[in-house]
Amino acid sequence: MIEKFSHLLLRSIAYFILEPRFKNGKWLISKDSLQCLSLNLDSLLVAYNEALKIFHQLNLCSTCSGYCCYGAYNRLSVYDHIAHKVAGLKDSPAWGYRLHPIRANTLNRIDEGKCPFFIAGKGCALEYRKRPALCIWWICNKMKISLNDNEKYLLKKIRRKIDKVHWAFARCLLLGGMSRLK
């Protein structure tokens, strides 16, 4: 229960505080906070690589029709945006950062609602470190059936690691890590 509340609080901070600041273009990540944020980036990449090993062994995404890649869940969150900025990666073109699957946010689709990086028969073409965190830890019903209890436990642990990094991002930014443009 506490874990669910913590996750909800983390998403609420992103949705109501961080995301609006980035979207209005009047706030930037301050140069001083980049070091604080980059210290956590390695932990995030370690978690992503742990998940990659599990999903690579399953090899289900390449045989799927991309069901998870449709709808409003296949968006980069503000935490993904922060990780990309800190890593020096460019934002993905025509694939905006959205946190919650709110109907108004699905209007900027470039196609029928499918992620533009999904390729039938291959899976996601997006480099693993650039994928949304949701795509790193999410498991569909096929995966739930295919994963053993240990793998499910490991993925839950990976999600906690990702959340821990996102909390560190939020703390750093909320405690003076953002500068307002004049």
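The values are calculated or read from the model by the stated rules, or taken from the named source; none is laboratory data. The structure displayed is predicted, hence computed values, not measured ones. A quick note on method: Cβ atoms are made from the backbone with ideal geometry, for glycine too, and the neighbour counts reach across all protein chains shown.
In segment 145-168 there is at least one residue matching the filter, namely being hydroxyl-bearing (Ser, Thr, Tyr), at pLDDT below 90 and either part of a helix (DSSP H, G or I) or loosely packed, with under 13 Cβ neighbours inside 10 Å (or both). The condition (being of a type outside the set (Lys, Arg) and touching a strand residue (DSSP E or B) at 6+ places or on another chain (Cβ under 8 Å)) is satisfied by just one residue among 44, 28, 10, 39: 28.
Suppose the filter is at pLDDT 85 or above and among the small types (Gly, Ala, Ser); does residue 33 pass it? When the stated conditions are applied, residue 33 passes them.
Taken together, the residues in segment 1-18 that are of a type in the set (Val, Ile, Thr) and surrounded by 12 or more Cβ atoms within 10 Å (Cβ to Cβ) amount to 2. A count restricted to segment 1-30 and to residues that are small (Gly, Ala, Ser), more than 13 Å from residue 170 (Cα to Cα) and modelled with pLDDT of 85 or more stands at 1.
Can you pull out every residue in segment 1-56 that is of a type outside the set (Lys, Arg) and not in a helix (DSSP H, G or I)?
Correct list: 1, 24, 25, 27, 28, 29, 30.
Are any of the residues in segment 57-65 among the polar types (S, T, N, Q), loosely packed, with under 13 Cβ neighbours inside 10 Å, assigned to a loop (DSSP other than H, G, I, E, B) and modelled with pLDDT under 75? Yes, segment 57-65 contains at least one residue that is among the polar types (S, T, N, Q), loosely packed, with under 13 Cβ neighbours inside 10 Å, assigned to a loop (DSSP other than H, G, I, E, B) and modelled with pLDDT under 75. The residues on offer are 45, 28, and the sole one that is surrounded by fewer than 19 Cβ atoms within 10 Å (Cβ to Cβ), within 15 Å of the chain's Cα centre (by Cα) and not small (Gly, Ala, Ser) is 45.
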